[in-house]
1. If you stretched the chain out fully between residue 287 and residue 107, how much longer would it get, using 0.36 nm times the residue separation minus the C-alpha to C-alpha distance?
2. At what distance in angstrom do the alpha carbon centres of region 331-377 and region 406-420 lie from each other?
3. For a quick check: sort 217, 390 by the number of other beta carbons within 10 angstrom, fewest at the front.
4. Take every DSSP beta bridge with both residues inside the chain and express the antiparallel ones as a percent of the total, to the nearest 5.
5. Let's test the formula: R0 of 41 Å, r as the Cβ-Cβ distance of residue 437 and residue 171. What FRET efficiency results, to the nearest 0.05?
6. What three numbers, in Å, describe the spread of the alpha carbons of the chain along their principal axes, ordered from the longest?
7. What are the principal axis extents of the Cα atoms in region 188-243, in Å, biggest first?
8. Taking all pairs of distinct Cα atoms, average 1/r, flip it, and tell me the Kirkwood hydrodynamic radius of region 36-140 in Å to one decimal place.
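Read the figures in this text as sums done on the coordinates, not as results from a lab. Here the structure is a predicted model, which means the values were calculated and not measured. Heads up, the Cβs are rebuilt from the backbone with ideal geometry, glycines too, and the neighbour counts pull from every protein chain shown.
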């Protein structure tokens, strides 16, 4: 079923007890890859999350715990980035996954060799998992597009191809950092163009996909082969300055409203780990055009989507000072996306564009049909005209300095062990002082 194997067996447990808890993000059936750093480390190291521990792949490799394809994969995943592992392809990564599953199982005969290389997550800082060469962000939720469209309808091209823009790879950061409020041009109440810190800062709840195997220039990827080129997935916050976006988007689309920062979750959930949670692609209206042949796929119709529950929460400065917990403001599901990741890749490369290991593909805001599934403040507050009220009676039209936004995700399906993505966090900091002239 969907390419599942013994690594997905829900009966399997790990000797790391935290991995067996009911709400664990990282059970034995997940095993995501990331880059971590201890205080004594000069550079980041490759690791695999299991419960509340990280298996140090470099140390495990040095201990001789791998052989064959798994050994090649472990050597490539030692750090400081995972691009070399991605470039080997999913078959090699799956060989490492199978070996890790056996090493960390309760029935492991090598537990005494593995345990010395398990590091508590509480003792490390997570680093960027990859060197991102390119970042493309798509627009694939019809619900998001309809709510923010002046006409209430999607653009004419939306239903014939996955729409995207090329964003800034250099400003992609692992979650947990401070996001400085960006400057830009915006219109005041009198419709006069001003320049200064954005007054309409927003989040966008998205899922990111990392490219593993690339493609040569002028060599498109066929839709039936696209999944082989996706190494894994993460949470993605496409921070957006909505007032700046309104001024600059016509005629060429988003630019400075998006490029100032993008946050991703630190753990890459592999393509293999997500196989049990595939779901049919979005069911189109009878009036919608059928996908053109290069985007049409029976497999994508049957299981191109993911049943992945997504949520966004907020903690304001006042809430934090009062030791109040985060307030959930969005609950959505990735299965509502109009286009699948395979369709995004097939379209992206249809003109011969070459993708490379570590390239990042954003899904676009993952909004669903219900009110609670609106996945950005622009939707939640009707473009800032209808503020939300938080439990402490604070209101928000847009994000304010000191606000922290937290994304989480969980994939669940009957008959399989649920897995999580961990967190993607970001806190809004004040705008930087405008630089003084230099001589």
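1. Numbers: separation 180, 0.36 × 180 = 64.80 nm, distance 5.44 nm.
Separation in residues times 0.36 nm, less the Cα-Cα distance, equals 59.4 nm.
2. So the two Cα centres are separated by 19 Å.
3. On the way: 217 9, 390 17.
In increasing order of surrounding Cβ atoms, one gets 217, 390.
4. Working: 68 of 77 bridges.
Given both bridge residues lie in the chain, the antiparallel proportion sits at roughly 90 percent.
5. Details: r = 25 Å, r/R0 = 0.61.
Efficiency at R0 = 41 Å is approximately 0.95.
6. In descending order, the Cα extents are 72, 54, 51 Å.
7. That works out to 52, 26, 16 Å along the principal axes.
8. Numbers: mean 1/r = 0.0690 Å⁻¹.
It is 14.5 Å.
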